[in-house]
């Protein structure tokens, strides 16, 4: 069969990241693409990038310009024989350190199969580091010149951004370049107010969080051991302090929807308070020990006082 040129603007752009050197070719009905905003496949006529030979599967990591450098991305590469006889070949872990604005590549398999022989290569990216998302997978298929027809199912490519998986077939009449594209989203930052500010100055800014209405949250901020008002906390002053710090932290983050967008230690403390406290309305209960509550108060009060990097104290 004669390979036809394929033009796909998005695929061509991503193929550049994958160090592809030949002209893009046209869509193939045997391609399966699933669950990905940028799952693309580009075919090429014969022609391999520098340093690459027929039979190789090249794995690349692309990181946009401006993202942090030096982040290690981990992949599991599993190779099995499909034709002429099924069977395991290898299962290896591969790591690539991302370079912003570049595509960093490594060859992960060299097939010695020819003719009707095929190996299947499955590459799975481990869950990326915090704030890094897999935004696309791009596969470049290089067949060994016009007239070459891969043995079935050698022309099939499966990409799934949701499961961070790419599946390709390979023999020594073709090449495959798979690029995983990750992008970094900086964690949310802002400034913080103390629980005292929410009581004395910022009562009108208090929002509904953790199942409490605005009025209930305001009442909890206003409560003191000597003047609790309608608020109950089992006579445990540490619990009252903890829950006020917790409410202040949620308010500083902008509400329940953003509760996991703060510093990691603060996110963990918020999760611990949510798991260890209860009650509704003006009633606060807990299963936490005094020691646990004291440790959580220290983390949350430090955050509310502006001591965490990227979260300074707001100008009053």
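The values are calculated or read from the model by the stated rules, or taken from the named source; none is laboratory data. Because the structure is a prediction, the values reported are computed rather than measured. FYI the Cβ positions are ideal-geometry reconstructions off the backbone, even for glycines, and counts take in every protein chain you see.
State whether the residues of the stretch 246-255 include one that is surrounded by fewer than 18 Cβ atoms within 10 Å (Cβ to Cβ) and modelled with pLDDT under 95.
Yes, the stretch 246-255 contains a residue that is surrounded by fewer than 18 Cβ atoms within 10 Å (Cβ to Cβ) and modelled with pLDDT under 95.
Confirm whether residue 173 is over 22 Å from residue 92 (Cα atoms), modelled with pLDDT of 90 or more and either touching a helix residue (DSSP H, G or I) at 6+ places or on another chain (Cβ under 7 Å) or buried (at least 20 other Cβ atoms within 10 Å of the Cβ) (or both).
yes
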Condition met for residue 239 (farther than 30 Å from residue 69 by Cα, assigned to a helix (DSSP H, G or I) and in contact with a strand residue (DSSP E or B) (Cβ under 8 Å, 6 or more places away or on another chain)): yes
Would you check if there is a residue in the stretch 301-316 being more than 15 Å from residue 194 (Cβ to Cβ), exposed (fewer than 15 other Cβ atoms within 10 Å of the Cβ) and not assigned by TED's automatic domain parsing to the domain that holds residue 130? yes
Number of positions in the stretch 277-316 that are out of contact with any strand residue (DSSP E or B) (no Cβ under 8 Å at 6 or more places or on another chain) and on the phi > 0 side of the Ramachandran plot: 2
For residue 301, state whether it is in contact (Cβ under 8 Å) with a residue 60 or more places away in the chain and under 10 Å from residue 242 (Cβ atoms). yes
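Which of the strands (runs of 3 or more DSSP E) found entirely inside the stretch 48-161 contain at least 3 residues meeting this: touching a helix residue (DSSP H, G or I) at 6+ places or on another chain (Cβ under 8 Å) and buried (at least 19 other Cβ atoms within 10 Å of the Cβ)?
Fully inside the stretch 48-161 and qualifying: 132-143.
If you go through the stretch 176-191 one residue at a time, do you hit one that is touching a residue at least 40 places away in the same chain (Cβ under 8 Å) and touching a helix residue (DSSP H, G or I) at 6+ places or on another chain (Cβ under 6 Å)?
yes
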Just to be sure I understand, how many residues within the stretch 283-300 are crowded, with 19+ Cβ neighbours inside 10 Å and part of a loop (DSSP other than H, G, I, E, B)? 2
The lone condition residue 260 fails out of (1) under 17 Å from residue 308 (Cα atoms); (2) at pLDDT below 95; (3) part of a helix (DSSP H, G or I) is (3)
